[in-house]
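Take a look at the structure set out below.
The values are calculated or read from the model by the stated rules, or taken from the named source; none is laboratory data. A quick note: this is a predicted structure, and the numbers were derived from the prediction, not measured. Here Cβ is always computed from backbone atoms with ideal geometry, including for glycine, and neighbour counts include all displayed protein chains.
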Amino acid sequence: MEKQQFRYLTDYYNEKIQRINNFQAPLNFIFITDQHNELVTSVVPVIESMRYILERCPGITFLVSGGDIGNDYHPDPNELRASHRRMMEAMYSLGIPVHCCIGNHDDGLGNMICNHWDTRNAILPEEMHLLCGKYNPTDKNYYYTDMDTADGGYRLVFLDCTDKPYLTDKNGQYPYGWRLEISDEQAEWFEQDALNTDRRILVFSHSPLSNAGIFGTANMTDRIKPYDDLLGGPRLSYHVRNCKRVLALISGHVHYDNIYYDRDLPQITTLCALPQKWAPGCPDRELGTVTETAFDVISVKGDTMMLTRFGAGVDRYVDLIRARNTVYSRSYTSEKSE
């Protein structure tokens, strides 16, 4: 497909690309979330626009997908799986590592239950691991990877917010739909292993660890999403508040741009890549225009995180308060592991 076809996207990119290159951050990556691939449009435009950026920004070294990658609204479970594969293969084609957080739509169970489809067709964690785990060195859907950079290096932690019990009822059906959960096993790994480093830490997850202060629900005036709090989230929130090497939490799920400071810890959410105006405060989206996409290049330099938006929305800056105040000299040890 001719790259000329995507000039309605890329003609707007050059000034932003220059800003990224001029910033000269030691850590740069793409963050995209809630693609809901093929629900509205194909994967090709957004991937080709990313390729355009990568060809001009050599400092971008990996991509993070925040989850909800495929079309679970399709009644055919084979099409659900095919939409996942097409999304992952397209991202892998960019030639940089792709790290994935699993979203609550990715197993397909929510829509299967709501539409009375057969939940035995759900994508279980083992299958999801095969689809999304090319750069995951473990057999779990949560993991971390360490990045060496000119300023001392980072640990990137990728959580699995769909770590729920996949148990069946008496009819052989899976009863838990869009349930968000962190298992005890994952929480212990997070406390005792993932946070146990001298590096600065960025934590990625599909949903926020806490909904307090986070806006992003259609047709609701409350600033909190009360109906899908992350089970196990308060436990992880306690530890990230106390582990001062965690510089920021980055997630999707709410389809809305938030920067919320929990004291000295910023919690960041980003607009959905799906071209849909999810909530009244979201920007308008229109196919065939630059607003068709929405993803960020995130650049970390010292105590500043620069989020450069490609597509709908605006650029943002995050104050990494802990990067100024923390001496990275000792590993974090949870109370349980002492």
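Would a scan of segment 24-39 turn up a residue that is exposed (fewer than 15 other Cβ atoms within 10 Å of the Cβ) and free of Cβ contacts under 8 Å to residues at least 24 places away in the same chain? Among the residues of segment 24-39, not one is exposed (fewer than 15 other Cβ atoms within 10 Å of the Cβ) and free of Cβ contacts under 8 Å to residues at least 24 places away in the same chain, which makes the answer no.
Remark: ASP163 matches the filter, which requires a residue to be touching a strand residue (DSSP E or B) at 6+ places or on another chain (Cβ under 6 Å), buried (at least 20 other Cβ atoms within 10 Å of the Cβ) and of a type in the set (Asp, Glu). Please indicate, with yes or no, whether at least one residue in segment 223-240 is under 19 Å from VAL157 (Cα atoms), buried (at least 23 other Cβ atoms within 10 Å of the Cβ), more than 16 Å from the chain's Cα centre (by Cα) and modelled with pLDDT of 90 or more. The answer is yes, given that some residue of segment 223-240 is under 19 Å from VAL157 (Cα atoms), buried (at least 23 other Cβ atoms within 10 Å of the Cβ), more than 16 Å from the chain's Cα centre (by Cα) and modelled with pLDDT of 90 or more. Against the test of being under 19 Å from LEU159 (Cα atoms), at pLDDT 95 or above and not aromatic (Phe, Trp, Tyr), the options ILE259, ILE250 yield a single qualifying residue, ILE250.
Quick grid of which residues meet (1) surrounded by fewer than 19 Cβ atoms within 10 Å (Cβ to Cβ); (2) touching a residue at least 12 places away in the same chain (Cβ under 8 Å); (3) of a type outside the set (Phe, Trp, Tyr):
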position	(1), (2), (3)
CYS243	no, yes, yes
LEU249	no, yes, yes
GLY252	no, yes, yes
ASP257	no, yes, yes
TYR261	yes, yes, no
ASP264	yes, yes, yes
ALA273	no, yes, yes
LYS277	yes, no, yes
GLY281	yes, yes, yes
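Of all the residues in segment 283-306, those that are among the charged types (D, E, K, R), over 17 Å from ILE268 (Cβ atoms) and surrounded by 15 or more Cβ atoms within 10 Å (Cβ to Cβ) number 2.
Go through segment 127-144 and report how many residues are in a strand (DSSP E or B) and either under 14 Å from SER65 (Cβ atoms) or touching a Gly at 6+ places or on another chain (Cβ under 9 Å) (or both). Even if it seems obvious, please write down each step before you answer.
The initial filter retains those residues of segment 127-144 that are in a strand (DSSP E or B), namely 143-144.
From the residues that got through so far, the ones that are either under 14 Å from SER65 (Cβ atoms) or touching a Gly at 6+ places or on another chain (Cβ under 9 Å) (or both) too are 143.
Final tally of qualifying residues: 1.
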